[in-house]
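Notes follow once the structure below has been shown.
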Amino acid sequence: MSRKLRVRQAQTVLPFGVGAVFDIQGESFVATGIGDWPRKRPEVHSARLADQLGVSGFYAAPPAADDRYDRQDAAGAPYIRFPSWLFCGACRRMTRRRIADEKPGTPPRCPGCSPVRQLAPMRFVQICADGHLGDVDWWFWAHSRLAPAQRHGCPARDRLRFDVSDRATGLEALSVTCTARGCGASRDLLDVLGTHGMRCSGRNPWQRLDEAADCVKPVQVVQRTAGNVYYPVVSSALDIPEAEVPADAGREALAERVRASDLWIPLCRAAGGARAGTYRDMIKEDTGADDALLDALLAEETGIEPAPAAGGDGAPAGPAVPDLSREEWAAFTAPVQPPTRDFAVRATGLGLDGETAEPWAGLGRRVGRIVLADRLREVRALQGFRRVSPSSTFVPADTSRRLRWLPAVEVFGEGVFVTLDRDELTAWERDRRVRDHVAGMREDLSRSFQADRLAAVTGEELSPRFVLLHTFAHLLIRQLSFESGYSTASLRERVYARPEHDQHGVLVYTAAGDAEGTLGGLVQQGEAPRLAETLLRMTEAAAWCSADPLCAEHTGQGFDSLNRAACHACALLPETSCETGNTLLDRSLVVGGGHVPGYFEPIIAAARTAAAAALE
Ligand SMILES: [Zn+2]
Ligand SMILES: [Zn+2]
Ligand SMILES: [Zn+2]
Ligand SMILES: [Zn+2]
Ligand SMILES: [Zn+2]
């Protein structure tokens, strides 16, 4: 029997990147740290992303020729068996598999019975909020109902059986029993999920014992396929032609105000001292500058780099949070340049110029520039991961913390870039009802553990245009998928909505594979007059959700209650398509509802009137 353990190169960042646990043909593996990667590996170029992430460069996993994970000299990203506790479906004997037991190209077989019997991985693993992952201590579990003295009487730690009873259902039907002579301790798995005071191993399965941290975080037992086992931290950059990015006028003016402050020189002198915090707060209040700007200006003035933000208990700093939006926005809004191998775009429109009939005229007024990208190159790098929750301790892709590169893949694709009309948008944003509505979301966001992470996408302060454009991107992806046959999972969004950089658009793109070519299907959807029709149908569809009125009236749904009128039935996307983990969405800003005027609301009414008139 020959095995095919296929992990495509493009999947070595997502979804099977460092730290991910996954099943292939009844076996379960974990992707190891990049310290174990083969020396020979192709480089992936993206100077811009490397700069932003503060790393020396990127490498891709070499394409695996024979699809075998377990040969010493195998190419490809390395994976090791995890969990190491396996069981036999026939005799129920449990076996702890060590790396030395692996036989290249053969799945593990039961040592106790028929040699064709393949062992299955245990369904449960343990994780902690510091990003560690380990086997459940099944011996402890079987003996956990005994007093410590009795427990110590057990003569062996590896004689276990994983029983299944037909007298019960669910987890209650499962139990782990010690088969050591004279012991027989046993416990069912009814309440195995959760925290049980078991100790954390302080490491991930590929790390050596001497790399283990002294971890005191409570460990949780979870299913190995549970969503909270792995939260990858991925950053990506589009390849754009090197161009002068226009100076950021708003930020320059703010910097001038900071330097003109009476407290600026005292702050520079006191940097790091006791008074610095007070000066800083006063300058921030007077000028409206934020910490990032003050840090940058202080570093310029004094040469002292700000201390890296570290967790309170000396935990390692989180990942670098890049802002790639400015240059990309500039590239899409600049006059079109001759195509390059990695960036080929053309400007078009909705084809509604001179249109006076509603709803088309109204749609044309609200939409700005359309740019079709026939070819895009995107580099996606895996910075690391988290476990338990998206705000837990960050674990870098190099768990040895010696390497300065990151694993990455390059993907080619195509896209449709849409901006909203700047003046219409500004006018809509000035409406007090819109501002009040988004202020409520901003408050929820500031209370969320995700605030820092999301600020990397939203900009310094959550703005109405971010929520509008983000929801618009989701609705557009859903509509395009409906009309073009692309799956929503193959489409992605990039939201350009930082008011401080005067951004007001979105890119919907596909960059799905390691294939060189793109099909052109998405760009076709962006041609006139098709896109205008798509946008109109999208808007009409968004006015109603099958979960209404519940969905429409929601004051906080989704993760950390960061969504308003947005649910699985109307606006959510697969995780991989969304930059914010499906948060900060609200249909009412697009189509209106409750007490908020929607940006596209007037064209829905116009479309209905037009449709009624056509019927008569
Ligand atoms: Zn067996
Ligand atoms: Zn025992
Ligand atoms: Zn731990
Ligand atoms: Zn809904
Ligand atoms: Zn999204």
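None of the figures in this text is laboratory data; all of them are computed from the coordinates on show. Bear in mind the structure is a predicted one, so any value in this text is a computation, not a measurement. Note: ideal-geometry Cβ built from the backbone for every residue, glycine included; neighbour counts use all protein chains shown.
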Candidate aspartates and glutamates - alpha carbon under 17 Å from Lys103, same-chain residues fewer than 8 apart omitted | Glu27, Asp66, Asp67, Asp70, Asp73
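Tell me the net charge near Ala565. Cut-off is 9 Å between Cβ atoms, Ala565 excluded, with +1 for each Lys or Arg and -1 for each Asp or Glu.
Details: positive: Arg564, Arg587; negative: Asp548, Glu553, Asp586.
Net charge in that neighbourhood comes out at -1.
Given axes a ≥ b ≥ c from the Cα gyration tensor, I'd like to know whether the stretch 217-301 is rounded (a/c under 1.5), prolate (a/b larger than b/c) or oblate. All intermediate terms of the calculation are to be shown ahead of the outcome.
Numbers: a/c = 3.65, a/b = 1.56, b/c = 2.34.
Because a/c hits 1.5 or more and a/b fails to exceed b/c, the stretch 217-301 counts as oblate.
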Where does the charge balance sit around Pro322 when Lys and Arg score +1, Asp and Glu -1, over other residues with C-beta under 12 Å from its C-beta?
-> -2
Provide the descending list of Cα extents for the stretch 497-577 along its principal axes, expressed in whole angstroms.
-> 43, 30, 27
Rounded, prolate or oblate: which one fits the stretch 75-136, using the alpha carbon gyration tensor with axes a ≥ b ≥ c (rounded when a/c is under 1.5, else prolate when a/b beats b/c, else oblate)?
-> oblate
Cα-based Rg of the stretch 468-616 normalised by 2.2 N^0.38 Å, two decimals = 1.08
Determine, for each peptide in 128-137, 529-538, 599-608, the mean count of other beta carbons within 10 angstrom over its residues, then list the peptides with the highest first.
-> 128-137, 599-608, 529-538
Pull up all non-local amide H partners of Leu352: gap of 5 or more, or a different chain, and H-to-H distance under 5 Å with H placed in the peptide plane.
-> none
Projected-area mean, the stretch 181-265, by convex hull of Cα positions, square nanometres = 14.8 nm²
Can you give the calculated 222 nm mean residue ellipticity of the chain, where each DSSP H run of n ≥ 4 adds -39,500 (n - 2.57) and the sum is split over every residue, rounded to the nearest 500 deg cm²/dmol?
-> -8000 deg cm²/dmol
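Can you give me the span-like helices of the chain, meaning DSSP H runs with 15 Å or more of Cα extent along the axis and Kyte-Doolittle mean at or above 1.0? Can you show the working numbers first?
Values: long enough: 249-260 (17 Å, -0.48); 276-287 (16 Å, -1.15); 291-302 (16 Å, 0.49); 432-447 (23 Å, -1.34); 464-484 (29 Å, 0.55); 530-542 (18 Å, 0.10); 601-615 (22 Å, 1.13).
Long hydrophobic helices here: 601-615.
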When the scattering of the stretch 437-505 is computed by the Debye formula from its Cα atoms alone, each counted once and equally, what is log10 I(q)/I(0) at q = 0.12, 0.23, 0.26 Å⁻¹?
-> -0.37, -0.98, -1.09
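Sort 207-217, 570-580 by packing, meaning the average of other beta carbons within 10 Å per residue, with the highest value first. Mind dumping the intermediate values first?
Details: 207-217: 12.7, 570-580: 19.5.
Result, highest mean Cβ count within 10 Å first: 570-580, 207-217.
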Seen from all sides and averaged, what is the projected area of the convex hull of the Cα atoms in the chain, in nm²?
-> 34.4 nm²
Please compute P(r) over all alpha-carbon pairs of the stretch 89-172, binned at 5 Å starting from zero, and give each bin as a whole-number percent.
-> 3, 11, 17, 20, 20, 17, 9, 3, 0
Across the stretch 156-161, in residue order, what do the Karplus-derived ³J(HN,Hα) couplings come to in whole Hz, using 6.51 cos²θ - 1.76 cosθ + 1.60 with θ = phi - 60° and x for Gly and Pro?
-> 8, 9, 10, 9, 10, 9
Does the stretch 153-226 come out rounded, prolate or oblate by the C-alpha gyration tensor, with a ≥ b ≥ c the root eigenvalues, rounded set by a/c under 1.5 and, if not, prolate when a/b is larger than b/c and oblate if not?
-> oblate
